[in-house]
Every structure is written in structure tokens, then in C-alpha cells.
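Some notes on the structure that comes next.
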Amino acid sequence: MKQMTVKQQTKKIKCVVWDLDNTVWQGVLLEDKQVVLREKIKDMMNSLDERGILQSIASKNDWDKAMTKLEQLGIKDLFLYPQIGWNSKSESIKTISESLNIGLDTIAFIDDDPYERDEVVFTHKEVRCIDATETDNLLDRSDMNPEFITEESKRRRSMYLAEVDRKLAESDFKGPKDSFLKELEMKLIISDAKEEDLKRAEELTMRTNQLNTTGVTYSYDELDQLRKSDDFMLLVVELNDKYGSYGKIGLSLIEMKGDKWNIKLLLMSCRVMSRGVGTILINHIMMLAKQNKKRLFAQFVPNGRNRQMYITYKFAGFKDVSKSGDLIAMESDLANIQQFPDYVEVDIV
Amino acid sequence: MNTKEIIKSYVLEKLEKDNIKNDDDIFELGFVSSMFAMELVMFLEQTFNINIESDDLTLDNFKSIDNMTKLAEKKVSII
């Protein structure tokens, strides 16, 4: 496999937002006696779902009637954060993008009405608008074909649905935040990467920008070599809680040369942003280095969005030691290593 | 409210404590997640309209209400 370095010109679509009337179904729900699903639409939706592309709805419609109809048609569960009401579609799409925590430039919007498409593009020029009458080749578009289809991709929708439940529980919860975290019964598993983890690991290096310390991407083959090499340690992190699994959400690559260890990469999925995973992983590596009597270094390359990772290193006690170009080298004196928080059970495998 | 009071009320709310001393080490009071660290930095930057640079990002500068106040006041006076 060739190494993939530069991001494609057009980003892959992470979420398809559907209009309902004359797009998902033929007819207008509030006017026509009966509406029927458009031909092949269900197959199309199921294919997108299997590829790990999320789906939502932006429709000017009556919420109750539309949801009842979606249920009758057997497709209701396919949609995350459906926006059905009388808001402008540009607002609906913004809400969806914020709720899913994905960029507007990874959203496609399908509507039969040119006015609605224009309204969306006028406000969010990065959203890809598609005419509902031109969806025959939708599945063949390159931006609808992700580079990777992993176990995580296939489960992506159900993982987001679990997240909806979590958020609901969190907003209903009256006590302090730490107590809520305890309620989640989180279990973090840190293990050496195995062969079956590599596809997901490659995907993580490609997909994660915000919580990524260097932004270096690694191909499957590179990761496989690193995993087998005695000079490197490749760790993967999995998170589960009582609502379900987040899957493999963190990755770290540590170079081990003589008495020096160097964290070349540390990243985690944005979905676990407020769970303390980054700090736990760094502290775990610090403990390992200390036990093995090694000096511990880390690399950081700013990309405009990953400042949180820099702060994470700094607050874990790392200090800048040198800078060359964009690359900042840091070292920890391993003096203060934080215990794992008591709201999460950490298993080192 | 002065700088110290503003910082204190923010920290108390975030740590869900009724009161802490101005020189208490907040990192010893409990686990500091990267999210909290980021929020703390952003809060100081936005509230006092300052720019916290890499050299300022030390545990020492953030470990207590006193130290955060010192950092914020030093940064404000530079502008």
C-alpha cells in the first residue's frame, strides 16, 4: 500500500443531511393523502450507513407527523439529531454539525428545492448541496466512499446514538460533574496494538486533527512495521461505558532508543474530549518510563487546532527543550505523575 | 470584582467546591483533565483579553488562584 500523505482536495463526507418532502419520499406529507419512499432510497441509506457515513434530516415539516411517518417507513433510527420544524435549513445544518462535532465541509445536503439549497450555500458555502433529482450516482461519488471501512465505521451510528443517551443523562443529572462521570462506569483499556487494530489506527491518524500532537499520518504498513519493531511501542486505547462502546479512540507511538523514550504521536478521537483520556494516557506512559528508568521526551507540532494537546503535555509537567521549524521537543522530569481518576477503571493489557 | 475574585469564582464553580484557599494547589485537590486545563487557559485569555504563550504554560503559573492572578496581572500590564 502506498503511503498517504496529503489530504484530498475534497474532504470525504461524514454526514448526509436529507430533506423529506419530494426528496426522501414522493409527495408532501402535510398536503398529500399518501407519500411513498422514493425508489431505491432505502438501499442508498443503508449503504451509506454501512460505510459509516452518518445521516440526518433538515425538513420544514410537522415534527410529530414526520417522525411517525419515518417510523412507519422503518427508517427512523437511521437519523441522528433530525431537525424537523420551521427553522431555516442553514440553521438546522449548523445544529447538526455542532451536535455531531463535525465540520460543515464534511456535510452533504440533499434537497429537491433549489431555493433551500441556495439558502444553505449562501450561509455555509462549504456544505455540499445535491439536487434530490440527481442522486442516482450518489453512492459512486468519491466523497461518499471513505478510505477505510472498519469495525468502528459500521458501528459509528450506534456509537453516536449512545452518545445522545449520554448527553441526555448528563443534562438530566443534577449532581457535580465528577459524580456524573462516575455514573458512566467508564472502563479504559490500554494495550499494545495488534494487527487487527492497525486499520483503525491508520484511520485515527487520518481523521483526527484537533486532539493530535503532531498530525503525522501513518499508513497501515508503516504502523505494522512500527508495531513489530523493538525500537517502538504502539499503544491503542479503547473506551467503554454503560451506554456502550466508543471503540478504539486513542493511539500513541513511542520511540525507544537507549535510555530515551520519545512520544512521537499521541491522539484521541474528539468524541472523548471531556473524559480525561489524554491525561490518563500521558500519565500511563510517564509511569512506564519511570519504572523502566528512562528519560521521557515528547514531540508537538501545532496545526492551529491542537493547542489542547500542547496544554495537556504542559500541565502533565513537560517542558520545552528545543524547537526546530514547527516541531517542539519537550521533556518531562517524571517528578509529578497523576494517579488515574477514580471515575474510570483503567485496564493495562 | 477584582482579578483574583473573578478567577476564584470561576475555579470554585469548575471544581465544584464551596471554598478553597488562594494558595491551595488545585492540582493536588484532584485530577486535572486536559479539558479543564484548556478551559482554564481559554478562560484567562478571554476574560482578561491576554495571550498566554508557551513559556507561560507551566504548572506553577496555574496551580493556585494566587499564581493565576499573578500571571493574568503580569500579562495585562504588558498590554
Suppose we keep only residues that are facing chain B (nearest Cβ under 10 Å) and part of a strand (DSSP E or B) within region A:298-329. Which one would you say is nearest to A:L265 (Cα to Cα)? A:F300
Top-ranked residue of region B:60-73 - restricted to ones that are part of a helix (DSSP H, G or I) and open to solvent by 50 Å² or more (accessible area, probe 1.4 Å), ranked as farthest from B:L15 (Cα to Cα): B:E73
Quick check, is A:M273 in the same structural domain as A:M159 (by TED's automatic domain parsing) and in a helix (DSSP H, G or I)? yes
So how many residues does region B:1-55 have that are at the interface with chain A (Cβ under 10 Å from one of its Cβ atoms) and surrounded by fewer than 12 Cβ atoms within 10 Å (Cβ to Cβ)? 2
Residue, surrounded by the most Cβ atoms within 10 Å (Cβ to Cβ), within region A:104-127, restricted to residues that are touching a helix residue (DSSP H, G or I) at 6+ places or on another chain (Cβ under 7 Å), touching a residue at least 24 places away in the same chain (Cβ under 8 Å) and not hydrophobic (A, V, I, L, M, F, W, C): A:D111
Which helices (runs of 4 or more DSSP H) sit wholly inside region A:162-257 and have at least 2 residues that are away from chain B (no Cβ under 14 Å) and of a type outside the set (D, E, K, R)? A:198-207, A:220-228
Could you list all residues from region A:263-297 that are free of Cβ contacts under 8 Å to residues at least 12 places away in the same chain and within 12 Å of chain B (Cβ to nearest Cβ)? A:S274
Of A:N87, A:N46, which residue is of a type outside the set (K, R) and either open to solvent by less than 40 Å² (accessible area, probe 1.4 Å) or part of a loop (DSSP other than H, G, I, E, B) (or both)? A:N87
Test for A:K194: is it surrounded by fewer than 16 Cβ atoms within 10 Å (Cβ to Cβ), assigned by TED's automatic domain parsing to the domain that holds A:A335, farther than 16 Å from A:V349 by Cα and not polar (S, T, N, Q): no
Identify all residues within region A:285-303 that are under 14 Å from A:F318 (Cα atoms) and open to solvent by less than 40 Å² (accessible area, probe 1.4 Å); write none if there are none. A:I285, A:M286, A:A289, A:L296, A:F297, A:A298, A:Q299, A:F300
Got at least one residue in region A:2-11 being out of contact with any Pro (no Cβ under 6 Å at 6 or more places or on another chain) and open to solvent by less than 40 Å² (accessible area, probe 1.4 Å)? no
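The values are calculated or read from the model by the stated rules, or taken from the named source; none is laboratory data. The structure presented is a predicted model; accordingly, all values stated were derived computationally and were not measured. With ideal geometry, Cβ positions are generated from the backbone for all residues, glycine too; neighbour counts draw on all protein chains shown. SASA here: full protein model, heavy atoms, side chains in, ligands and nucleic acids out. Shrake-Rupley method; radii C 1.70, N 1.55, O 1.52, S 1.80 Å.
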